[in-house]
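Working notes, structure below.
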Amino acid sequence: MTDQPSFAHDIKPLFRESDRTAMESAFDLWDAADVRESATAILEAVENGSMPCDGAWPADRVGLLRRWVEGGMAD
Ligand code: HEM
């Protein structure tokens with residue numbers, strides 16, 4: 001994996017189909033533009049463990065999303 005994670009290769013696979021379905025009224029977790037637009041709320045929710053609703057992500061997955069957000073949110 002390069003230093004700069006990409007949405008298609010590294011971030012999209014983090015979101016299960018059930019995550020996408022649960023959140024589709026707010027944003028599409030499989031769409032890079034949607035995730036960019038809500039990146040602050042999404043990162044905050046996985047960092048404080050409130051999302052996904054059925055159990056918090058492990059720290060390395062949260063770290064990967066944070067690196068993508070802080071690294072410019074590449075496609
Ligand atoms: C990684 C996956 C997920 C992310 C990043 C995520 C993120 C978020 C965010 C950012 C909000 C606030 C939306 C807003 O204010 O408009 C939210 C709300 C919500 N999410 Fe998720 N979510 C995820 C998975 C899930 C799952 C699996 C469920 C349940 C099946 C769920 C249920 C809800 C519900 C009920 C709300 C609205 C009320 C609340 O804030 O608790 N989410 N989620």
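The values are calculated or read from the model by the stated rules, or taken from the named source; none is laboratory data. All of these numbers come straight from a predicted model, not from anything done at the bench. Note that we place each Cβ from the backbone using ideal geometry, even for glycine, and neighbour counts take in every protein chain shown. The area values use the complete protein model at the heavy-atom level, side chains included, leaving out ligands, DNA and RNA. Shrake-Rupley method; radii C 1.70, N 1.55, O 1.52, S 1.80 Å.
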**Relative contact order %, segment 7-70, counting alpha carbon pairs below 8 Å whose residues are six or more apart** = 30 percent
**Request:** From the P(r) of the chain, can you give the percent of Cα pairs sitting at distances over 21 Å?
**Result:** 15 percent
**Prompt:** Full extension from Glu47 to His9: what is 0.36 nm times the residue separation minus their Cα-Cα distance, to one decimal in nm?
**Reply:** 11.6 nm
**Item:** 13 Å beta-carbon shell around Arg66, net charge (K/R +1, D/E -1)
**Value:** -3
**Request:** Pick out, in residue order, every one of the trypsin sites (Lys or Arg not before Pro) in segment 1-59 that is DSSP loop and has at most 16 other C-beta atoms within 10 Å; say none if there are none.
**Result:** Arg16
**Asked** Excluding Ala45 itself, what net charge comes from residues whose Cβ is under 14 Å from its Cβ, given Lys and Arg +1 and Asp and Glu -1?
**Response** -2
**Asked** Taking 0.36 nm per intervening residue step and subtracting the Cα-Cα distance, what contour gain separates Thr40 from Glu17 on full extension?
**Response** 6.2 nm
**Asked** Which listed residue (Val46, Ala26, Pro58) has the Cα farthest towards the positive end of the charge dipole for the chain, taking +1 on Lys and Arg C-beta and -1 on Asp and Glu C-beta about the Cα centre?
**Response** Pro58
**Request:** Determine the per residue accessible area of the chain with all protein chains present and a 1.4 angstrom probe, expressed in square angstrom.
**Result:** 61 Å²
